[in-house]
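The values are calculated or read from the model by the stated rules, or taken from the named source; none is laboratory data. Keep in mind that this is a model prediction, so the values were computed, not measured. Using ideal geometry, Cβ is built from the backbone for each residue, glycine included, and neighbour counts are taken over all protein chains shown. To get the accessible areas, we keep the full protein, side chains included, count just its heavy atoms, and leave off ligands, DNA and RNA. Shrake-Rupley method; radii C 1.70, N 1.55, O 1.52, S 1.80 Å.
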Amino acid sequence: MSDLIEYDEASPEVRAVYDDIMRTRNVDRVNNFWKAIAHHPPTLIRTWQSLKEVMAADSALDPLVKELLYIAVSVTNGCDYCVASHTAAARRKGLNDAMLGELLAVVGMANETNALARGWRVPLD
């Protein structure tokens, strides 16, 4: 399904979520991920609420650390959309090119050593 639900075409229920996304993120538009899943408002609502709670700034993990973790998982899962979206969010929180390079090196190394450990069936010490 490639149609996106734009704000002016959205139901009041979907617009309320879009408004909350824009207010919470301090942005003037909703990105395409939300517009795509808006075809099923219960999924849109549930996903936004969960994401908002998990990525909240007032928690034990720093907001930049959360974005870096999101990037790492997205790289490993091969989600180019999520990598781009969360890299942009991380840059707004202070990510620079050197940090991104190190993050990607760690992700690559973790994937390599995970594959070796799985392949060799390395037992726990």
Within the range 102-125, restricting attention to residues that are in contact with a helix residue (DSSP H, G or I) (Cβ under 9 Å, 6 or more places away or on another chain) and of a type in the set (A, V, I, L, M, F, W, C), which residue is surrounded by the fewest Cβ atoms within 10 Å (Cβ to Cβ)? Val122
Considering the range 71-82 alone, what residues qualify as being open to solvent by 40 Å² or more (accessible area, probe 1.4 Å) and in a helix (DSSP H, G or I)? Val73, Val75, Thr76, Asn77, Asp80, Tyr81
Taking the range 17-27 and keeping only residues that are open to solvent by 70 Å² or more (accessible area, probe 1.4 Å) and outside any helix (DSSP H, G or I), one is left with Asn26
Which residues, counting only those in the range 89-98, are farther than 16 Å from Thr24 by Cα and exposed (fewer than 15 other Cβ atoms within 10 Å of the Cβ)? Gly94, Asn96, Asp97, Ala98
Which is closer than 30 Å to Asp97 by Cβ, modelled with pLDDT of 95 or more and surrounded by 14 or more Cβ atoms within 10 Å (Cβ to Cβ), of Val30, Val14, Val54? Val30
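Let's see how each residue does on (1) open to solvent by 60 Å² or more (accessible area, probe 1.4 Å); (2) more than 30 Å from Ala10 (Cα to Cα); (3) not small (Gly, Ala, Ser); (4) not in a helix (DSSP H, G or I):
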{"position": "Arg46", "(1), (2), (3), (4)": "yes, no, yes, no"}
{"position": "Gln49", "(1), (2), (3), (4)": "yes, no, yes, no"}
{"position": "Ala60", "(1), (2), (3), (4)": "yes, yes, no, yes"}
{"position": "Leu69", "(1), (2), (3), (4)": "yes, yes, yes, no"}
{"position": "Ser85", "(1), (2), (3), (4)": "no, no, no, no"}
{"position": "Leu100", "(1), (2), (3), (4)": "no, yes, yes, no"}
Please determine whether any residue of the range 33-41 is of a type outside the set (Ser, Thr, Tyr), in contact (Cβ under 8 Å) with a residue 40 or more places away in the chain and surrounded by 11 or more Cβ atoms within 10 Å (Cβ to Cβ). yes
